[in-house]
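The values are calculated or read from the model by the stated rules, or taken from the named source; none is laboratory data. Keep in mind the model is a prediction, meaning the values are calculated, not measured. A quick note on method: Cβ atoms are made from the backbone with ideal geometry, for glycine too, and the neighbour counts reach across all protein chains shown.
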């Protein structure tokens with residue numbers, strides 16, 4: 001008989017808790033990392049923002065300072081030539097101008113102006129119309145939008161009371177922005193400076209097409225209506241990443257440990273079970289051999305006596321023939337059990353289910369054993385109600401179970417002198433004895449094949465260790481249950497039930 | 001008497017010094033007609049010309065060159081090969097006194113060769129071969145990285161130049177012709193000129209020419225990448241022959257002549273003074289401005305000064321600031337035949353060509369909007385103008401060639417034939433005329 005390997009089942013059973021553990025752990029770690037990442041992102045975004053803002057502000061401030069210096073240098077005598085010279089020479093100044101109360105702009109003048117100057121006059125027409133109330137010796141700066149184009153214009157009062165000012169060349173600091181952004185971005189970010197409509201002014205690298213930015217920061221303190229989009233190229237800062245790696249390794253390690261430990265345990269259990277099985281098989285073979293040999297020896301002896309004519313009288317001859325009949329019956333039961341077991345092991349046993357009156361069935365089976373029980377010096381009492389209890393069962397299987405249970409009682413509870421068979425009101429078939437009983441720890445194991453409670457009792461009696469195992473398999477094969485319990489007042493009680501199915 | 005002698009000697013010395021200066025850069029002020037009809041007000045066109053002698057190779061100033069190469073994905077294949085070849089060729093032409101840097105740009109700029117003296121040419125050339133195409137076109141970033149490299153050696157070289165190659169539209173960073181033009185103007189304030197080479201038919205010629213124009217660099221349209229090495233060589237020839245830098249022209253008009261407009265060039269007219277800034281003048285090159293004036297009537301037989309031109313510039317050979325001046329005069333007569341005979345063909349011709357180029361720009365704007373009929377009409381006016389001017393001044397080879405070109409261009413002003421290639425040719429050619437780019 002080939003023992004079925006339950007290794008794959010065991011691995012599956014072990015893998016499930018391992019995976020559940022891993023999943024839970026991974027979930028916890030992911031949550032933790034997300035939190036860390038969010039914190040890191042917030043921290044980093046703030047850091048990047050401050051770096052960019054500082055860099056851009058420095059650029060703008062540099063430009064403003066250059067413009068202020070240049071304008072201040074002509075304030076003493078703001079001649080047109082001098083103003084023209086500012087926009088001609090100062091890279092940060094796009095246009096310089098002079099405005100006189102009552103005369104509006106005196107430089108640049110529309111007539112004879114360069115293209116750039118003409119556009120400048122058109123761009124700031126509202127500013128010039130508005131006038132420069134409150135202009136003082138200190139510079140006033142204002143950001144100015146022409147469509148979405150941002151520019152800065154600043155002015156102050158000159159010595160002669162006129163207003164002189166300058167428009168910054170935004171391209172000058174735009175040209176400085178790439179290096180500011182590149183420096184702020186470092187290796188960890190892609191930065192994109194955007195205008196008010198979300199259009200790209202600059203980016204430090206190709207921005208991910210499908211991914212929206214990790215953060216969009218307003219730069220309103222430095223550049224009104226400009227935003228900074230930020231993508232993180234390395235997903236986490238190093239400490240979070242380290243923690244992530246560590247957590248992953250710990251989880252993976254724990255899972256691997258569980259799997260290895262379980263595997264090792266299974267190997268040990270398997271080895272132990274294999275040894276036990278082989279021991280049991282050995283004892284089964286020797287039991288069965290003994291069981292076979294004992295009746296055979298008796299049969300042979302009796303047969304020899306009869307054939308040699310040693311039995312002088314009729315009574316002796318009858319005794320010999322009786323022995324041969326009984327021992328043949330014993331042999332038949334034994335061989336039947338072994339064959340049954342083989343069929344059950346290979347799941348070849350077919351069950352022929354039909355509606356049967358359990359009372360009739362059990363009574364018949366019990367009565368068939370009465371002579372054996374009484375021959376062993378025991379009393380068989382059969383208590384069965386008069387009303388039929390109909391169940392959908394395989395009649396032969398039920399009979400065999402009852403026979404096996406009685407056989408078990410005869411073998412192991414002979415000292416109790418009593419075997420009770422009854423059919424309970426709920427349809428359960430009960431076979432009980434007054435023997436030594438079965439210790440609690442063995443009550444399930446008695447149904448294992450080859451198992452025999454290893455005590456003096458088992459040692460005294462012979463047996464294959466298959467009877468109860470066969471009984472249980474038959475019960476389960478029909479959809480019923482066979483359990484063993486302690487009997488009130490001492491002894492063992494086997495209960496065969498069919499789940500209350502009353503068809 | 002003694003002091004008189006000293007004064008005379010000093011004057012002679014001053015003149016001598018002045019004389020050596022004028023040997024390199026000279027200036028002329030020429031009216032379209034040197035004899036004007038007396039007692040009649042009218043328009044006068046005055047051409048102020050700056051010219052530089054050829055520069056002797058051994059005596060050339062040192063050059064700080066930033067080569068800015070487009071390495072966007074569209075440069076794949078032969079284009080990048082030829083561009084690398086051209087850049088290598090440019091480096092071979094430089095000497096140890098020159099500085100070179102190479103910037104390649106795609107999504108962003110990358111400095112391939114930081115600004116350094118050209119001492120180990122082969123090592124520099126080897127680094128250029130690592131430039132492979134990829135990504136987008138961050139043109140602005142590329143140019144500003146090139147300018148940053150140039151500034152590292154500010155003051156060490158007499159001439160600073162960005163040589164920009166692009167075959168595509170600027171699609172990262174500031175990308176309007178206006179912004180690039182302003183950036184060009186800004187670089188010019190720093191003494192940096194940007195020469196642009198547009199390769200193929202997909203680049204943005206408005207942007208490239210504006211960048212060149214505002215920084216006083218050259219602009220080229222190269223249709224076939226095989227021509228790149230030749231164009232680089234020509235550009236480098238220009239760069240190596242710069243005869244004057246930080247050129248500022250100031251033309252002070254005399255009473256009776258009021259400047260009202262500049263033909264072809266942008267500049268400022270303020271209180272009767274025309275001021276124009278140029279970045280540099282190449283050896284053997286002439287640059288000019290044509291000023292339209294309101295001329296007051298004057299009696300017959302009288303003569304007047306029209307304007308006094310003053311060119312201040314820096315001589316790159318020794319970093320000295322110099323000035324040359326010139327005066328233009330006109331006389332008045334009642335004899336209209338004498339007036340007609342006094343025509344300065346060169347002035348009239350250049351005025352006509354510049355006016356044509358301005359009309360061509362307007363025609364391109366109309367054609368861009370799909371108004372081909374108006375565009376064709378403007379181009380035909382150019383043709384007519386060139387023919388009519390020849391009727392006034394006699395047959396002129398340049399005007400004849402222009403008339404023919406205008407005729408052929410007018411044919412192209414239709415939905416079917418107006419394409420990127422034709423537009424680039426026209427745009428580049430009008431740019432080259434406005435800027436008096438040297439064409440060999």
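Give the residue, chosen from A:309, A:377, that is at positive phi and in contact with a helix residue (DSSP H, G or I) (Cβ under 8 Å, 6 or more places away or on another chain). Every option except A:377 fails the conditions.
Looking only at the range A:209-227, residues that are surrounded by 14 or more Cβ atoms within 10 Å (Cβ to Cβ) and touching a residue at least 40 places away in the same chain (Cβ under 8 Å) come to 9 in all.
So residue A:22 fits all but one of (1) surrounded by 14 or more Cβ atoms within 10 Å (Cβ to Cβ); (2) closer than 24 Å to residue B:147 by Cα; (3) away from chain B (no Cβ under 14 Å); what number is the exception? Residue A:22 satisfies all of (1) surrounded by 14 or more Cβ atoms within 10 Å (Cβ to Cβ); (2) closer than 24 Å to residue B:147 by Cα; (3) away from chain B (no Cβ under 14 Å) except (2).
Of everything in the range B:245-271 that is under 19 Å from residue B:184 (Cβ atoms) and either at pLDDT 95 or above or more than 8 Å from every other protein chain (Cβ to nearest Cβ) (or both), the residue that is surrounded by the most Cβ atoms within 10 Å (Cβ to Cβ) is B:249. May I ask you to verify whether residue B:173 is within 14 Å of chain A (Cβ to nearest Cβ), in contact with a strand residue (DSSP E or B) (Cβ under 8 Å, 6 or more places away or on another chain) and assigned to a loop (DSSP other than H, G, I, E, B)? So residue B:173 fits the description; yes. State yes or no: is residue B:186 modelled with pLDDT of 90 or more, in contact with a helix residue (DSSP H, G or I) (Cβ under 8 Å, 6 or more places away or on another chain) and within 11 Å of chain A (Cβ to nearest Cβ)? Considered against the rule, which asks whether it is modelled with pLDDT of 90 or more, in contact with a helix residue (DSSP H, G or I) (Cβ under 8 Å, 6 or more places away or on another chain) and within 11 Å of chain A (Cβ to nearest Cβ), residue B:186 comes out as yes.
Within the range B:140-170, being in a loop (DSSP other than H, G, I, E, B) and closer than 17 Å to residue B:196 by Cα holds for B:167, B:168, B:169, B:170.
Within the range B:106-142, the set of residues being within 29 Å of the chain's Cα centre (by Cα) and exposed (fewer than 14 other Cβ atoms within 10 Å of the Cβ) comprises B:114 only. When residues in the range B:381-412 are screened for being over 28 Å from residue B:231 (Cα atoms) and assigned to a loop (DSSP other than H, G, I, E, B), 3 of them pass. Per the listing B:222, B:291, B:239, B:274, the residue uniquely out of contact with any helix residue (DSSP H, G or I) (no Cβ under 8 Å at 6 or more places or on another chain), surrounded by 23 or more Cβ atoms within 10 Å (Cβ to Cβ), away from chain A (no Cβ under 14 Å) and within 25 Å of residue B:210 (Cα to Cα) is B:239. Scanning the range B:128-159 for residues that are within 28 Å of residue B:242 (Cα to Cα) and away from chain A (no Cβ under 14 Å) yields B:128, B:153, B:155, B:156, B:157, B:158, B:159.
Checking each residue of the range A:123-141 against the condition of being buried (at least 21 other Cβ atoms within 10 Å of the Cβ) and within 14 Å of chain B (Cβ to nearest Cβ) gives no match.
Criterion applied to A:67, A:82 was being part of a helix (DSSP H, G or I), surrounded by 16 or more Cβ atoms within 10 Å (Cβ to Cβ), out of contact with any helix residue (DSSP H, G or I) (no Cβ under 7 Å at 6 or more places or on another chain) and within 14 Å of chain B (Cβ to nearest Cβ), and the one residue passing it is A:67.
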